[in-house]
Amino acid sequence: MTKHGIHEKDTGSSQVQVAILTERINELSGHLELHPKDDHSRRGLLGMVGKRRKHLNYLRLHDKVEYEKLLKDLKLRK
């Protein structure tokens, strides 16, 4: 959060939200590799991916420079 936030206690900006969701998505992906039949966790993962996509779309429209920087820092495609 401190790396992508606007200030020290920033938890609500789109940059921080994308970083948090990316970390949770990576953890849940590892869990699903070990437990492939866990459909409840898979549904939660898809919801998080959708939320992250919405935040990234917002950033792309409103702050293109920050969007490109975030994609590069988090090693996301698109």
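Bear in mind that the values in this text are calculations on the coordinates, not laboratory data. The structure displayed is predicted, hence computed values, not measured ones. Cβ sites come from the backbone with ideal geometry, for glycine too, and all protein chains shown count toward neighbours.
By how many degrees, 0 to 90 and rounded to 10, does the Cα axis of helix 39-62 deviate from the longest principal axis of the chain?
Orientation of helix 39-62: about 20 degrees from the principal axis.
Between the helical axis of 14-34 and the dominant principal axis of the chain, each derived from Cα atoms, what acute angle in degrees is found, rounded to the nearest 10?
Between helix and principal axis, roughly 20 degrees.
Excluding same-chain residues fewer than 8 positions from residue 64, which aspartates and glutamates have a Cα within less than 18 Å of its Cα?
Filter leaves 73.
Dipole size in debye (nearest 20) for the stretch 14-74 around its Cα centre, Lys and Arg Cβ +1, Asp and Glu Cβ -1?
Values: 12 positive and 9 negative charges, 56 e Å.
The dipole magnitude comes to about 260 debye.
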